[in-house]
Each structure stands twice: as C-alpha cells, then as structure tokens.
1. Run A:T60 past the list (1) in a strand (DSSP E or B); (2) in contact with a Lys or Arg (Cβ under 7 Å, 6 or more places away or on another chain); (3) within 11 Å of chain B (Cβ to nearest Cβ); (4) not charged (D, E, K, R) and report the number of the one that doesn't hold.
2. Given the criterion touching a residue at least 40 places away in the same chain (Cβ under 8 Å), surrounded by fewer than 22 Cβ atoms within 10 Å (Cβ to Cβ) and either among the hydroxyl-bearing types (S, T, Y) or assigned to a loop (DSSP other than H, G, I, E, B) (or both), identify the matching residue among A:K100, A:K73.
3. Cβ contacts < 6 Å: first residue among the charged types (D, E, K, R), restricted to region B:6-35; second residue assigned to a loop (DSSP other than H, G, I, E, B), any location; separation 6+ or different chain. Result?
4. What do you reckon, is B:S31 in contact with a strand residue (DSSP E or B) (Cβ under 6 Å, 6 or more places away or on another chain), within 9 Å of chain A (Cβ to nearest Cβ) and among the hydroxyl-bearing types (S, T, Y)?
5. Residues in region B:62-76: is at least one of a type in the set (F, W, Y), in contact with a Gly (Cβ under 9 Å, 6 or more places away or on another chain) and surrounded by fewer than 19 Cβ atoms within 10 Å (Cβ to Cβ)?
6. Among the candidates B:G58, B:G99, B:G107, B:G66, which residue alone is modelled with pLDDT under 95 and in contact with a Leu (Cβ under 8 Å, 6 or more places away or on another chain)?
7. Tell me, which strands (runs of 3 or more DSSP E) lie completely within region A:1-57 with 1 or more residues that are over 15 Å from the mean Cα position of the chain (by Cα)?
8. Which of (1) over 16 Å from the mean Cα position of the chain (by Cα); (2) within 14 Å of chain A (Cβ to nearest Cβ); (3) not acidic (D, E) does B:S70 not meet, given it meets every other one?
Amino acid sequence: AQRVTQPEKLLSVFKGAPVELKCNYSYSGSPELFWYVQYSRQRLQLLLRHISRESIKGFTADLNKGETSFHLKKPFAQEEDSAMYYCAPRGGADGLTFGKGTHLIIQP
Amino acid sequence: KAGVTQTPRYLIKTRGQQVTLSCSPISGHRSVSWYQQTPGQGLQFLFEYFSETQRNKGNFPGRFSGRQFSNSRSEMNVSTLELGDSALYLCASRYTLAGLTYEQYFGPGTRLTVT
C-alpha cells in the first residue's frame, strides 16, 4: 500500500537548535515529494518540493530512495518556524493523502 | 491572481442537517480537491474533481459528496450531519498538465461545527 508516515506528532526544540522533521514513504514508482507548512491562522502552503532542490526559509529536504525518506531539515531553528508541517507524496494530488503532520514548536 | 476562495468561512449546523460548502479555484486551475482537517486525524483527502468529473475519492462515507461545474467551481455536500463531522474543510486547486504534478493551492477553509 502506498502511504506516507510522519512519526512525530509533536516536536519541540529550542531556538538555534537543529531541526529534523521525519517523513517516510511507502510508494511504488518514483514519487515527487512535497512539504507543506501551515502557520498559525494562515493557509496551508507549499514549503518545498524535492525536484526543485531549493532551500526555502533555511529548510532543505533530501529524497533518500534507499531509506524511502524525505526528512525536512534546518540547521538553526527560529521562532517563526513554529507551525504544522505536512509531508505529501505527489503534492497530495491524485487522491493521495498527506501525512498526519508534525507540530513543530520552537521554544525561545 | 486571486487565490482559492471558500464560502462560507464559518458554519454551525445541527445533527441530522445537511450542508453545502463552496470553493472557487484559482483561474486556470481545473483540478479541485477537498480535505477534512481535524486535530486528531490531520488532513484527510475527501475527493478530487477535474473537468466536472470525480477523479479520486478518499475513504469517507457516502454522506460526503461533491460536484464541479463547468467553470471549475466546486461544491461539497454533507448530508445527515454527525458530531464527528465538525472540522475545517479545505479546498485546494492546482494546475494540471499530463505527466506533471503541480502544487496544491489551498483556500482558507470552512470551519463547520455540528451541535
């Protein structure tokens, strides 16, 4: 079965500490993986997609086909990074659900 | 370019009633998807419409239905409301081109409360 797993429902780190939000997927073929973010009282929006290989707001994500993972990383967390983060295979399109999300809290 | 809009933004209904939510996608986007968002379950896919046809459906009971109009606007309907249907209902639209996956653009959501 095709699915995506975000094992941490809640992740709390201190400001300045490194952040890693985990995403593992079980998927046939080569998925196009996305990370979406939802800040408090804002719309869900795209953070980054693996094919673009960009760094957005200091976040990067590498698709590891061997481990079937697409972890989201940032070397130094900032308070404004506090939000809900969702991993999505194929951007959540084509009837595929998002991961259940990780609530990231950055403590001052 | 205007974003995805959803109406109404807030709704309070009683158990047993039915409700219709509306979504206007970004101009040029022909795919519209609906999601239910709750604290416990996160984002759950309801269905996707493309060119007035339901293309995919999530694991929700038949009380949840939808449709899409020729201008790509979409509605979803929930009949015989239950307390557990209380949630934020999100609509998302995206551009489509065969073989390529484009990001979803989300609306602000409709907050449905069932009492």
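The values are calculated or read from the model by the stated rules, or taken from the named source; none is laboratory data. Remember, predicted model here, so these are calculated numbers, not experimental data. Note: ideal-geometry Cβ built from the backbone for every residue, glycine included; neighbour counts use all protein chains shown.
1. Checking A:T60 against (1) in a strand (DSSP E or B); (2) in contact with a Lys or Arg (Cβ under 7 Å, 6 or more places away or on another chain); (3) within 11 Å of chain B (Cβ to nearest Cβ); (4) not charged (D, E, K, R), the one that fails is (3).
2. Numbers: A:K73 fails: either among the hydroxyl-bearing types (S, T, Y) or assigned to a loop (DSSP other than H, G, I, E, B) (or both).
A:K100 is the lone residue from the list that is touching a residue at least 40 places away in the same chain (Cβ under 8 Å), surrounded by fewer than 22 Cβ atoms within 10 Å (Cβ to Cβ) and either among the hydroxyl-bearing types (S, T, Y) or assigned to a loop (DSSP other than H, G, I, E, B) (or both).
3. Short answer, once both residue conditions are applied: B:K13/B:L81; B:R15/B:L81; B:R30/B:S51; B:R30/B:S72; B:R30/B:T96.
4. Working: in contact with a strand residue (DSSP E or B) (Cβ under 6 Å, 6 or more places away or on another chain): yes; within 9 Å of chain A (Cβ to nearest Cβ): yes; among the hydroxyl-bearing types (S, T, Y): yes.
Spelling it out, B:S31 is indeed in contact with a strand residue (DSSP E or B) (Cβ under 6 Å, 6 or more places away or on another chain), within 9 Å of chain A (Cβ to nearest Cβ) and among the hydroxyl-bearing types (S, T, Y).
5. Keep residues of region B:62-76 that are of a type in the set (F, W, Y), which gives B:64, B:69.
Keeping just the survivors that are in contact with a Gly (Cβ under 9 Å, 6 or more places away or on another chain) gives B:64.
Checking which are surrounded by fewer than 19 Cβ atoms within 10 Å (Cβ to Cβ) leaves us with B:64.
For region B:62-76, residues of a type in the set (F, W, Y), in contact with a Gly (Cβ under 9 Å, 6 or more places away or on another chain) and surrounded by fewer than 19 Cβ atoms within 10 Å (Cβ to Cβ): present.
6. Numbers: B:G99 fails: in contact with a Leu (Cβ under 8 Å, 6 or more places away or on another chain); B:G107 fails: modelled with pLDDT under 95; B:G66 fails: modelled with pLDDT under 95.
Unique residue meeting the criteria: B:G58.
7. Passing ranges, in order: A:10-14, A:24-26.
8. Checking B:S70 against (1) over 16 Å from the mean Cα position of the chain (by Cα); (2) within 14 Å of chain A (Cβ to nearest Cβ); (3) not acidic (D, E), the one that fails is (2).
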